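Written out below as structure tokens is the structure these notes cover.
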Amino acid sequence: FTRETVLAHLAAHPGDTKRDLVRALGVHGSDRILLKRILAQLADEGLLEHGKKKSFLPPGQLPEVAVLEIVGTDADGELLAKPSNWDGDDEPPQVLIVPGRDDEGQRAIGIGERVLARIERQPDGYHGRVMKRLGASVNRALGVLRKEDGGRWRVEPVDRKTRHAFSVDERDRGDALHGELVLVEPRGGSAHSPRARVIERIGSMDEPKTVSLIAIHAHGIPTEFPREAIEEAQGAQPVQLGTRTDLRSIPLITIDPEDARDHDDAVWAGLDPDPNNKGGHIVIVAIADVAHYVTPGSSLDREARKRGNSVYFPDRVVPMLPEALSADLCSLRESEERATLAVWMVFDKDGNKRRHEFLRGMMRSAARLTYQQAQAAFDGKPEGKTVALNATVMQPLWNAYAALVKARDIRSPLDLNLPERRIMLGEDGKVKSIAFRDRLESMRLIEEFMILANVCAAETLEKANQALIYRVHERPSAEKLAAFGDYLRTIDVNFAKGQVIKPEIFNRILVRERGGLHEDALNEVVLRTQAQAIYAAENLGHFGLNLSRYAHFTSPIRRYADLIVHRALIRAGRFGNDGLSDKDSERLGETAEHISMMERRAMAAERESVDRYVAAYMQDRLGAEFDGRISGVTRFGLFVKLKETGADGLLPMRALGYEFFNHDEKRHALIGQRTGTTYHMGDPIRVKLAESAPLTGGLRFDLAEDQGESSSPKRPQTGFRRPLPGVKKSKKAGKSRSLTKKGR
């Protein structure tokens, strides 16, 4: 949740209390502190009446802030809106949308969109000024149009939470065809048989690349740039050296994944010639100077802020900036001169930082390398480009990293082992293979260099008393730590209550279980115990990295937070007149909340897209058996992660036979009431793929006939099993709900 979602909920439910908010928004643990902070801020701004449990409005009046839905235009072409929630018996009042201060250059708001607006009562009626765009109406749904036997049409929703398909009359179908992804607007009907009208055709589901379009449209991710932003990007010119520091003679190199779509960071290292720092190292991290091209208040800036970040899918990237910048002038391409904002860091032989300095310069990348190429050179097997660079560039980098590792190990940041999947697509756009990415030491080298550069950015700005956006990660809440302790006791690991929790405590437990039966499950549980990292205008520290201050500086091509930090550094260092503006400084808190929300949106869209690609890949393997581990335990069944692909799916309770199972939340286990048979999180299990639903990204498993020696024993098939709450018993024994319905 964010400031905007709290406002939106209270606008729709003005009588809600804080307890109602906690329940409605699903607030848990340390997030209660964030909610309290947001409520206090809203009260200070006069958007909430602080201290009142209820807030009533006179009949027929609208609140000062409300969620509106755009319903049409007046004779002059001005937008008209109505409140999304209206309890009155008469028609809801119309609201004329009037321009706000920041509207110029924004993409036009369309009919059917929802907005959070500040409302004023004027002599000619209500006027609304848009505070926040909320995307497509909640009364719209995304799905696939199907023609059934008998000529009837229906739309199968892509949202797993939508229980029923929509029926579509012929007159409401428009030109949409069977198998197309469409946007529909409900038109009545019953709760079990809703009707809808097709309002937009998006693409054919026969095209593999439609998979990512589902996530893009479902989450309202903008894909088109405003004309003004495109013109600004295309009109940008290469930077001249001028007063910049000349770094072109230093062989900075980029090291990225093989499939990297942008290159915004370069590195170099060498021995420090200072006799007082014997064995010390100099490290330079140079970042693309995006702030030179994306200036405060420009159309590019407004669009970048709105998007918050780039979004990455297996088949495409939805960039934060147009390609004329992200793939060209702001990409540190090999042998081409590029503007940069760099940090010069000096470390002693044990990796402790002695000093650092930021500079605005000009660089020329000596080589574009992949992680695999860099790792081969570090391993003493240089090839291709790295042969000539080995002695002068590659080995000094490795030597500096070896020193930095000493300090990193003493700091002991949280060290989780969570393999990352890589989806490879063929020329036809379909999934060719799914594998886990190798975790190379060259990746850790770049990661450590970037972390240290980010720390330097936060330190420099704090020292200059310059406002900035921090990357914060609060320590786990007491509730989550208590649940973590309960789990550890089930695997015979001691966890003292009341201790001062530090990342190294988690690391010691993880090291102890490394290679054991509980390793995978323990990594998952430790991850779930953590708070979610967010952006904030105030410094709350970074628990996971065990750092007292931290800010994102190293990826301004794809993250707006980094662009803000660049501008703050330019202003603090007096590197130009394109630094952080007063207006941006005043709304850093609002910006931090917005880009945190955009980050969550991107993560959800990326995750859902990957799930759908995996489900499509698995469709040809229905009935096949796989080894996996139990990755989650719920009252309605087990989630299983496959060893081969990392694919996640549901093994529903009904697939465990007729044993009555109790859900032990503390132990992350299902326990058979009659036999005591137990399924623990982390247990190996062999399953058979029963259903694959590419539309929703869901997989459903059955138990394999042969569980093998390492898997949990086959469950008894006698006795009785309790019915799942809210689920009617199937008329046909053994019939399972489709994964296109609620159930995951």
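Just a few scattered comments:
- Just one of the listed residues (Ile630, Ile595) is surrounded by 18 or more Cβ atoms within 10 Å (Cβ to Cβ) and not in a strand (DSSP E or B), and it is Ile595.
- Exactly one residue out of Leu440, Leu404, Leu425, Leu416 is modelled with pLDDT under 95 and touching an Asp or Glu at 6+ places or on another chain (Cβ under 7 Å): that is Leu425.
- Among the residues listed as Gly623, Gly637, the single one being more than 30 Å from Leu39 (Cα to Cα), over 24 Å from the mean Cα position of the chain (by Cα) and open to solvent by 10 Å² or more (accessible area, probe 1.4 Å): Gly623
- Hey, Gly150 of a type outside the set (A, V, I, L, M, F, W, C) and in contact (Cβ under 8 Å) with a residue 12 or more places away in the chain or not: no
- Among the numbered conditions (1) open to solvent by 10 Å² or more (accessible area, probe 1.4 Å); (2) touching a residue at least 40 places away in the same chain (Cβ under 8 Å); (3) within 22 Å of Asp259 (Cβ to Cβ), the only one that Leu359 does not meet is (3).
- Filter result for the condition that a residue is assigned to a loop (DSSP other than H, G, I, E, B) and surrounded by fewer than 16 Cβ atoms within 10 Å (Cβ to Cβ), over Leu517, Leu527: Leu517
- Of all residues in segment 303-330, those that are out of contact with any helix residue (DSSP H, G or I) (no Cβ under 8 Å at 6 or more places or on another chain) and either surrounded by 21 or more Cβ atoms within 10 Å (Cβ to Cβ) or over 18 Å from Pro222 (Cα atoms) (or both) total 4.
- Test for Leu522: is it of a type in the set (A, V, I, L, M, F, W, C) and either open to solvent by 30 Å² or more (accessible area, probe 1.4 Å) or touching a residue at least 60 places away in the same chain (Cβ under 8 Å) (or both): yes
- Filtered by the rule that a residue be open to solvent by 40 Å² or more (accessible area, probe 1.4 Å), charged (D, E, K, R) and touching a residue at least 40 places away in the same chain (Cβ under 8 Å), segment 565-584 gives Arg571, Lys583.
- Selection within segment 407-426 - in a helix (DSSP H, G or I) and either touching a helix residue (DSSP H, G or I) at 6+ places or on another chain (Cβ under 8 Å) or surrounded by 15 or more Cβ atoms within 10 Å (Cβ to Cβ) (or both): Ala407, Arg408
- Residue check for Thr243: hydroxyl-bearing (Ser, Thr, Tyr) and surrounded by 16 or more Cβ atoms within 10 Å (Cβ to Cβ): no
- The condition (being open to solvent by less than 20 Å² (accessible area, probe 1.4 Å) and at pLDDT 65 or above) is satisfied by just one residue among Ala66, Ala40: Ala66.
- Single residue of segment 427-458 satisfying the filter (touching a Pro at 6+ places or on another chain (Cβ under 9 Å) and over 30 Å from Ile564 (Cα atoms)) that is surrounded by the fewest Cβ atoms within 10 Å (Cβ to Cβ): Asp428
- Residue within segment 229-238 that is surrounded by fewer than 21 Cβ atoms within 10 Å (Cβ to Cβ) and within 30 Å of Ala388 (Cβ to Cβ) present: yes
- Contact map, segment 647-670: residues that are under 21 Å from Asp706 (Cβ atoms) and assigned to a helix (DSSP H, G or I) paired with residues that are open to solvent by less than 10 Å² (accessible area, probe 1.4 Å) and hydrophobic (A, V, I, L, M, F, W, C), Cβ distance under 9 Å, separation 6+ or inter-chain. Pairs shown: Ala655/Leu638; Ala655/Val687; Ala655/Phe701; Leu656/Leu638; Leu656/Leu670.
- Residue pairs whose Cβ atoms lie under 6 Å apart, sitting 6 or more positions apart in sequence or on different chains, and linking a residue in segment 18-41 that is part of a helix (DSSP H, G or I) to a partner that is loosely packed, with under 13 Cβ neighbours inside 10 Å, do not occur here.
- Those residues of segment 188-201 which are surrounded by 15 or more Cβ atoms within 10 Å (Cβ to Cβ) and over 28 Å from the mean Cα position of the chain (by Cα), in sequence order: Pro194, Arg195, Ala196, Arg197, Val198, Ile199
- Lone unmet requirement of (1) outside any helix (DSSP H, G or I); (2) at pLDDT 95 or above; (3) surrounded by fewer than 16 Cβ atoms within 10 Å (Cβ to Cβ) for Ile255: (3)
The values are calculated or read from the model by the stated rules, or taken from the named source; none is laboratory data. Bear in mind the structure is a predicted one, so any value in this text is a computation, not a measurement. Note: ideal-geometry Cβ built from the backbone for every residue, glycine included; neighbour counts use all protein chains shown. The protein model used for the area step is the full one, side chains on, heavy atoms only, and it has no ligands, DNA or RNA in it. Shrake-Rupley method; radii C 1.70, N 1.55, O 1.52, S 1.80 Å.
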